[in-house]
Amino acid sequence: MFLNRISCHIIWKRGQILEQRFEASIVWLILNGETEKALETLAKHYDVNVPNLKVGLPKGRKIKTLGCYNARNTTISVLNSDVLKEPFVILHEFYHHLRTNADAKHLGTEKYADEFAKKFIQAYNSMKAGRSGNN
Ligand SMILES: [Zn+2]
């Protein structure tokens with residue numbers, strides 16, 4: 001019983017660290033301009049189709065919009081090539097893609113999209129700081 005608990009704990013920790021390493025590597029890819037590869041890796045990880053990626057926003061968008069997701073053609077659009085390297089924007093829009101795959105009518109809330117993106121960036125920052133992540 002006691003031994004069982006310990007091994008469970010180790011497995012859980014190991015899974016958590018692997019997940020954090022995955023999240024950090026996605027952020028690294030985006031920062032290095034390998035955004036398409038990051039989206040491919042994310043899609044594989046979550047078992048969904050790879051979203052399309054396009055530079056230039058659809059017409060009629062507000063000036064301040066950096067990115068958007070169109071569920072009809074499963075396309076993530078970003079304002080310009082600088083935004084392609086913004087992990088927060090890419091991951092936020094990927095979350096909408098993920099939610100659409102899970103439930104066609106539901107894009108997920110903005111709040112959850114932000115939290116999803118933040119989790120990846122925090123993983124990247126703590127890996128960079130050399131911590132194994134216990135916060
Ligand atoms: Zn959004």
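The values are calculated or read from the model by the stated rules, or taken from the named source; none is laboratory data. Quick caveat: nothing in here was measured; it's all calculated off a predicted structure. Glycine also receives a Cβ, built like all others from the backbone with ideal geometry; neighbour counts cover every protein chain displayed.
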Determine the pairs where a residue that is under 15 Å from H92 (Cβ atoms), located within region 31-46, has a partner that is outside any helix (DSSP H, G or I) with Cβ atoms under 8 Å apart, the partner being 6 or more residues away or on another chain. T35/L53; L39/V50; L39/P51; L39/L53; L39/I76
Test: N101 is more than 13 Å from the ligand (Cβ to nearest atom) and touching a residue at least 24 places away in the same chain (Cβ under 8 Å): yes
Here's a check for you: in region 84-98, which residue that is of a type outside the set (D, E, K, R) and near the ligand (Cβ under 10 Å from one of its atoms) is farthest from L42 (Cα to Cα)? V89
Looking only at region 75-96, filter to residues that are among the β-branched types (V, I, T) and out of contact with any Ser or Thr (no Cβ under 7 Å at 6 or more places or on another chain); which one of those is surrounded by the fewest Cβ atoms within 10 Å (Cβ to Cβ)? T75
Do any residues in region 11-25 that are more than 17 Å from F94 (Cα to Cα) and of a type outside the set (K, R) have Cβ atoms under 6 Å from those of residues that are surrounded by 13 or more Cβ atoms within 10 Å (Cβ to Cβ) and modelled with pLDDT of 85 or more, where the two are at least six apart or on different chains, and which pairs are they? Q20/A123
